[in-house]
1. For residue 96 and residue 155, what does the FRET efficiency come to when R0 = 25 Å and r is the distance between their Cβ atoms, rounded to the nearest 0.05?
2. How many angstrom lie between the C-alpha centres of the range 85-105 and the range 24-84?
3. From the list (1) 20.3; (2) 18.9; (3) 16.9, can you say which value of Kirkwood radius over Cα pairs in Å was derived from the structure given?
4. Please sort by residue number the GluC sites (Glu not before Pro) in the range 8-105 whose DSSP state is loop and whose Cβ has at most 13 other Cβ atoms within 10 Å.
5. Taking the Cβ-Cβ separation of residue 86 and residue 27 as r and a Förster radius of 25 Å, what is the calculated FRET efficiency to the nearest 0.05?
6. Dividing the Cα radius of gyration by the Kirkwood radius, what Rg/Rh value follows for the range 13-120?
7. Using unit Cβ charges (K, R positive; D, E negative) and no other charged atoms, how large, in debye to the nearest 20, is the dipole of the range 1-149 about its Cα centre?
8. I'd like the Karplus ³J(HN,Hα) series for the range 28-34: coefficients 6.51, -1.76, 1.60, θ = phi - 60°, whole numbers in Hz, and an x wherever there's a Gly or Pro.
Amino acid sequence: MPSTRPSSAQHVSIDLERYVPAFFTWIANKLSRGASQHYLRSFGVGIETWRCLVLLAIEPTISANKVCRIIGMDKASVSRCFSGMEAQGLIRIAPDPADGRARVATLTEEGRALHDQIIGVALERERALLSVLNREEREVLIALLRRLHENLPEVEAATDRYVARMQAPIKRRVRPQAGRA
């Protein structure tokens with residue numbers, strides 16, 4: 001099941017009609033952008049805040065590092081998000097009782113109320129997205145997505161192996177700097 005096609009005698013290009021990572025990217029980007037626009041317009045928060053609210057509704061306290069591991073956001077984005085959420089009164093940030101060096105966020109009553117307002121929109125968006133699938137297909141999709149998610153470490157390892165195998169020692173061309181002869 002190749003997702004490439006020849007584009008000329010010497011070059012190969014990706015067949016975007018079959019390239020699975022492109023579909024994941026397009027779907028995720030469009031879903032996120034749409035959700036963010038709705039959440040900003042209706043509730044005054046963006047998608048990153050919503051994602052953090054979701055995790056805090058599940059876990060009473062959570063560190064920025066754990067948010068990064070679960071969602072895949074980078075640490076700087078989570079830290080900025082937490083700072084904004086704290087300023088809005090949605091969370092409290094305090095030292096982690098189990099590790100005084102770490103800090104954890106806890107949902108406030110205002111944060112919980114906001115989560116409870118947004119969740120209906122989020123679930124309706126999921127319902128609409130999956131409405132083209134029957135119940136069995138939805139269960140299969142969830143199982144397949146879970147397996148693909150669990151396989152991501154192997155994707156990174158395979159990428160590293162491929163690059164190491166294919167990468168010939170490359171001598172960098174050094175360009176003379178302006179003003180130097």
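1. Values: r = 31 Å, r/R0 = 1.26.
About 0.20, to the nearest 0.05.
2. When both Cα centres are located, 16 Å separates them.
3. The listed entry that was calculated here is (1).
4. Working: sites: 17, 48, 86; in loops: 17.
Loop-located and lightly packed - 17.
5. Numbers: r = 32 Å, r/R0 = 1.26.
Computed FRET efficiency for residue 86 and residue 27: 0.20.
6. Numbers: Rg = 15.9 Å, Rh = 15.0 Å.
Ratio of gyration radius to Kirkwood radius for the range 13-120: 1.06.
7. On the way: 20 positive and 16 negative charges, 60 e Å.
It comes to approximately 280 debye.
8. Karplus-based 3J(HN,Hα) across the range 28-34 equals 4, 4, 5, 5, 5, 4, x Hz.
Where a number appears in this text, it was derived from the coordinates with a stated rule and is not lab data. In this text the structure is predicted, and so the values were computed from the model without any measurement. Using ideal geometry, Cβ is built from the backbone for each residue, glycine included, and neighbour counts are taken over all protein chains shown.
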